[in-house]
Amino acid sequence: MAMRVKPDAVKVGLKQRYRVTNWSEYDRALVNRGNLTIWFDEASIRDQWTPAPPVGRGKPGLYSDTAIQTCLTIKGLFQLPYRATEGLIKSLMRLCQLDLPVPDHTHMSRRAAQLSVKIPRRPRKGPTHVVVDSTGLKIFGEGEWAEAGLREASLRAAGAGRLCKADRGTVRQHGVGKRRTWRKIHLAVDETSKDIIGIEVTTTAWGDSEILPGLLDQVEGEIAQVSADGAYDSHGCHAAIAERDARATIPPRDGAVAWGDDHPRDAILQAIEAKGLASWKNDSGYHRRSIAENMMFRLKQLGDSLYSRTFERQVTEAHVRAAILNTFTYLGMPRSDRVGKIASAA
């Protein structure tokens, strides 16, 4: 049996070596992420906990949107159920000696279905390089393979045998049970400041390319460049990017053909054909799209599942996580500088 080995002509690449140059600042930021005074600011809560009196007739409310978002933020940050969140907020009120009412868990749940979450954003300095990506968060269920296991058991009972790998993927994606599905989170991230500047939550029926125009509508100010993967290679995405006078950095899909009429996408095809895909990615700054992938990783550190049962509350839960991540970012992020190269293992 012949062995397949790489030819000796392949050069062993050099890996870049980086070092965090602001470790003391970043270390304080990591500590402050668990500082309750940041998430439960006594001064602002005292002034904003209760809403303004209603205009006209009607009973005044007890809890403002700021109060509900504060409760949901602490719930999402520490991954607490509603009842435990109620108990924690009550204890914080006592410790801060604030004579303010605390919403019970049922009120929090009802308000979560209609809350408009305020995601903190800092003003942009100059044109923005927007990087876009999406990921899936599971909703309540028994685990990743629960539906596949049930389907496999039914097939065995019918004498169909074991599910093949392709059938397993089909069950995961198109399973009929509500317990085996997920929500898609679409994010637009500022490549420079690394904060979330656009978010959409959809069901799996929506494709990535359909959501990009809505994400760009949320981006304030001028856009210089939009970087996304091949799932966004569509006429609609390129048109939405062109409307913002931005440059599209989207690799065409396999087997792509020119669109004609001097379309900017044709220039990408020509550049890839002339110097190769890897060189085009380096020259165009496409690799900065990894900032969006890193944001997806950070998002799942707050939980890889959405715990709310209805779609409206799931949207609110995802938006609250985006608000938490932006607060993390503004507290401080690592700054890595290239310090040299190291040879990869032979």
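The values are calculated or read from the model by the stated rules, or taken from the named source; none is laboratory data. Nothing here was measured: the structure is a model prediction, and the numbers come from that model. Don't worry about glycine lacking a Cβ; one is built from the backbone with ideal geometry, like all the others, and counts go over all protein chains shown. Accessible surface is based on the protein model in full, side chains and every heavy atom, while ligands, DNA and RNA are left aside. Shrake-Rupley method; radii C 1.70, N 1.55, O 1.52, S 1.80 Å.
Here's a check for you: in the range 46-80, which residue that is surrounded by fewer than 15 Cβ atoms within 10 Å (Cβ to Cβ) and in contact (Cβ under 8 Å) with a residue 40 or more places away in the chain is nearest to the chain's Cα centre (by Cα)?
Gln79
Give the range 124-136 a look and list any residue that's open to solvent by 60 Å² or more (accessible area, probe 1.4 Å) and either free of Cβ contacts under 8 Å to residues at least 12 places away in the same chain or among the charged types (D, E, K, R) (or both), or say none.
Within the range 124-136, the subset open to solvent by 60 Å² or more (accessible area, probe 1.4 Å) is 124-125, 127.
Those that are open to solvent by 60 Å² or more (accessible area, probe 1.4 Å) and either free of Cβ contacts under 8 Å to residues at least 12 places away in the same chain or among the charged types (D, E, K, R) (or both): Arg124, Lys125.
Picking from Arg122, Arg94, Arg110, which residue would you name as being in contact with a helix residue (DSSP H, G or I) (Cβ under 9 Å, 6 or more places away or on another chain) and of a type in the set (Lys, Arg)? Spell out the reasoning first.
On the way: Arg94 fails: in contact with a helix residue (DSSP H, G or I) (Cβ under 9 Å, 6 or more places away or on another chain); Arg110 fails: in contact with a helix residue (DSSP H, G or I) (Cβ under 9 Å, 6 or more places away or on another chain).
Step by step, each of Arg122, Arg94, Arg110 is checked, and only Arg122 is in contact with a helix residue (DSSP H, G or I) (Cβ under 9 Å, 6 or more places away or on another chain) and of a type in the set (Lys, Arg).
Right, Ser234: in contact with a Ser or Thr (Cβ under 9 Å, 6 or more places away or on another chain), of a type in the set (Gly, Ala, Ser), surrounded by 14 or more Cβ atoms within 10 Å (Cβ to Cβ) and closer than 13 Å to Val131 by Cα or not? If you could, list the steps in order and put the result at the bottom.
Values: in contact with a Ser or Thr (Cβ under 9 Å, 6 or more places away or on another chain): yes; of a type in the set (Gly, Ala, Ser): yes; surrounded by 14 or more Cβ atoms within 10 Å (Cβ to Cβ): yes; closer than 13 Å to Val131 by Cα: no.
It is false that Ser234 is in contact with a Ser or Thr (Cβ under 9 Å, 6 or more places away or on another chain), of a type in the set (Gly, Ala, Ser), surrounded by 14 or more Cβ atoms within 10 Å (Cβ to Cβ) and closer than 13 Å to Val131 by Cα.
Within the range 274-281, identify whether any single residue is surrounded by 19 or more Cβ atoms within 10 Å (Cβ to Cβ) and in contact with a helix residue (DSSP H, G or I) (Cβ under 7 Å, 6 or more places away or on another chain), and answer yes or no. Step through it out loud before you land on a result.
Filtering the range 274-281 down to residues surrounded by 19 or more Cβ atoms within 10 Å (Cβ to Cβ) leaves 280.
So of that shortlist, the ones also in contact with a helix residue (DSSP H, G or I) (Cβ under 7 Å, 6 or more places away or on another chain) come out as 280.
Yes: one or more hits.
Taking the condition surrounded by 10 or more Cβ atoms within 10 Å (Cβ to Cβ), more than 24 Å from Lys90 (Cα to Cα) and modelled with pLDDT under 75, does Lys15 pass?
Details: surrounded by 10 or more Cβ atoms within 10 Å (Cβ to Cβ): yes; more than 24 Å from Lys90 (Cα to Cα): yes; modelled with pLDDT under 75: yes.
For Lys15, the condition - surrounded by 10 or more Cβ atoms within 10 Å (Cβ to Cβ), more than 24 Å from Lys90 (Cα to Cα) and modelled with pLDDT under 75 - is met.
Just the residues that are open to solvent by 20 Å² or more (accessible area, probe 1.4 Å) and among the hydroxyl-bearing types (Ser, Thr, Tyr), please, taken from the range 300-322. It would help to see each step written out before you state the result.
Just the residues of the range 300-322 that are open to solvent by 20 Å² or more (accessible area, probe 1.4 Å), to begin with: 300-301, 304-305, 307, 309-313, 315, 317, 319.
Matches in the range 300-322: Ser305, Tyr307, Thr310.
Identify the single condition in (1) under 17 Å from Thr327 (Cβ atoms); (2) open to solvent by 50 Å² or more (accessible area, probe 1.4 Å) that Asp104 does not satisfy, given that it satisfies every other one.
(1)
Give, as residue ranges, the helices (runs of 4 or more DSSP H) completely inside the range 177-295 that count at least 2 residues that are among the β-branched types (Val, Ile, Thr) and either more than 26 Å from Ala318 (Cβ to Cβ) or modelled with pLDDT of 95 or more (or both).
Numbers: elements: 208-217, 235-243, 264-275, 277-284.
The qualifying helices (runs of 4 or more DSSP H) are 264-275.
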